[in-house]
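The values are calculated or read from the model by the stated rules, or taken from the named source; none is laboratory data. Worth saying up front: this structure is predicted, and the values here are computed from it rather than measured. Here Cβ is always computed from backbone atoms with ideal geometry, including for glycine, and neighbour counts include all displayed protein chains. Remember, those area values only see protein heavy atoms, side chains included, never the ligands or the DNA or RNA. Shrake-Rupley method; radii C 1.70, N 1.55, O 1.52, S 1.80 Å.
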Amino acid sequence: MKKLLLIVALFLMSSLSYAQYPATRGMYIDGTQNILGNTTKEDEVIQYLKDSSYTYVALYDLPAVNWNTRSGQLANFISKIHNAGIPQVGGVVETMSTANSIKTYNNSRTSQAEKFNVINLEFEFWTQSYVASGGYYCVQYLRPAGYN
């Protein structure tokens, strides 16, 4: 009997601890600049995210967005995502300048719903061809930072 109670107790404890950590279901969105300001595209993306139970969205291709002229459209889109019940909106960055653009953008917004709440650093260190001598990351980032 004690053995059965112990097994049931362990099962309940493991079930309860798992239930406290909801799974993150995320999706990258490429071509952000082509979606911003297009109500139909924005609504289609958001409906898909809701229908598919996503909890995180990462906006890609942010350097192509003109932060000066399109920050209002970006704020509107991020706000719509948050208001649709998707708690995390990330900006994918590969360079410090993009990270600084996100920081400047976030500091310019008064509503939390309009802000990025995740910065997703894209650096595929495990892809040898990217970090090897002559590879993309090596040439673009590692060498200029003083790494071989």
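Has segment 35-44 got at least one residue that is surrounded by fewer than 20 Cβ atoms within 10 Å (Cβ to Cβ), within 29 Å of Ala145 (Cβ to Cβ) and not small (Gly, Ala, Ser)?
Looking through segment 35-44, none of the residues is surrounded by fewer than 20 Cβ atoms within 10 Å (Cβ to Cβ), within 29 Å of Ala145 (Cβ to Cβ) and not small (Gly, Ala, Ser).
Applying the selection to segment 47-88, what residues are small (Gly, Ala, Ser) and more than 12 Å from the chain's Cα centre (by Cα)? Break it down into steps so the answer makes sense when it comes.
Let us first name the residues in segment 47-88 that are small (Gly, Ala, Ser), namely 52-53, 58, 64, 71-72, 75, 79, 84-85.
The answer is Ser52, Ser53, Ala64, Ser71, Gly72, Ala75, Ser79, Ala84, Gly85.
Out of all the residues in segment 119-148, which are within 30 Å of Ile78 (Cβ to Cβ) and touching a residue at least 12 places away in the same chain (Cβ under 8 Å)?
Correct list: Ile119, Asn120, Leu121, Glu122, Phe123, Glu124, Phe125, Tyr137, Tyr141.
So which residues in segment 37-73 are touching a helix residue (DSSP H, G or I) at 6+ places or on another chain (Cβ under 7 Å) and at positive phi?
Gly37, Asp61
Quick test of your reading of the structure: Asn107 fulfils all but one of (1) at pLDDT below 95; (2) of a type outside the set (Phe, Trp, Tyr); (3) open to solvent by 30 Å² or more (accessible area, probe 1.4 Å); (4) closer than 30 Å to Ala145 by Cα. Name the failing condition by number.
Asn107 satisfies all of (1) at pLDDT below 95; (2) of a type outside the set (Phe, Trp, Tyr); (3) open to solvent by 30 Å² or more (accessible area, probe 1.4 Å); (4) closer than 30 Å to Ala145 by Cα except (1).
Please find, within segment 60-75, the residue that is farthest from Val92 (Cα to Cα) out of those that are modelled with pLDDT of 95 or more and open to solvent by less than 10 Å² (accessible area, probe 1.4 Å).
Ranking the candidates gives Ala75 first.
Residue by residue through segment 48-66, note down the ones that are in contact with a strand residue (DSSP E or B) (Cβ under 9 Å, 6 or more places away or on another chain) and over 20 Å from Met96 (Cα atoms).
Matches in segment 48-66: Tyr48, Leu49, Ser52, Tyr54, Thr55, Tyr56, Val57.
Looking at Val89, Val139, Val131 in this structure, which one is hydrophobic (A, V, I, L, M, F, W, C) and modelled with pLDDT of 90 or more?
Unique residue meeting the criteria: Val89.
Return yes or no: is Ile78 among the aliphatic types (A, V, I, L, M) and open to solvent by 30 Å² or more (accessible area, probe 1.4 Å)?
Working: among the aliphatic types (A, V, I, L, M): yes; open to solvent by 30 Å² or more (accessible area, probe 1.4 Å): no.
No: the conditions fail for Ile78.
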